[in-house]
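Rule-based calculations on the coordinates, nothing more; no lab input. Quick caveat: nothing in here was measured; it's all calculated off a predicted structure. Using ideal geometry, Cβ is built from the backbone for each residue, glycine included, and neighbour counts are taken over all protein chains shown.
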Amino acid sequence: MSTRQSRTLIIENGSTCCAECKKAIAPAGTSWKSGAALSRTKVIDIPGSTSSTHPDVEIRHFSCPACGALLDSETALPEDPFLDDILTNK
């Protein structure tokens, strides 16, 4: 049995999984982002960004390592840790 936690993630059999393909990404109750596929894009390189954007700011895209579905995105500086996203079955 799975429990939908968001539009992109579910908990199934004690794991945080991709809601699209059910691939386990991390144990439930732990931060799952380190188990996802990560791509980074500098905000300054995105069409429409302004010159006032700091050149180091990036958008991190976390995707399912199996099917490639986008799971989450966050904006950060390269040295910033991932924003913790911990799902539980509670």
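Per-residue extension of 0.36 nm, minus the Cα-Cα distance of Ala37 and Ala69, leaves a gain of 10.5 nm for this segment.
Each Lys and Arg adds +1 at its Cβ and each Asp and Glu adds -1 at its Cβ; summed about the Cα centre, the chain shows a dipole of about 420 debye.
Rounded to the nearest whole angstrom, the semi-axes of the ellipsoid equivalent to segment 1-53, taken from the Cα gyration tensor as √(5λ), stand at 32, 11, 9, largest first. FRET efficiency for the Ile86 to Ile46 pair, using the beta carbon distance and R₀ = 41 Å, is estimated at 0.90.
Measuring from each cysteine beta-carbon in the chain, the ones with no other cysteine beta-carbon under 4.7 angstrom are Cys17. Each Lys or Arg adds one and each Asp or Glu subtracts one; over the other residues with Cβ under 12 Å from the Cβ of Ser73, this totals -1. Which one, Ile10, Thr50, Leu70, projects farthest toward the positive side of the charge dipole computed for segment 2-76 from Cβ point charges (K/R +1, D/E -1)? Toward the positive end, the furthest listed residue is Ile10.
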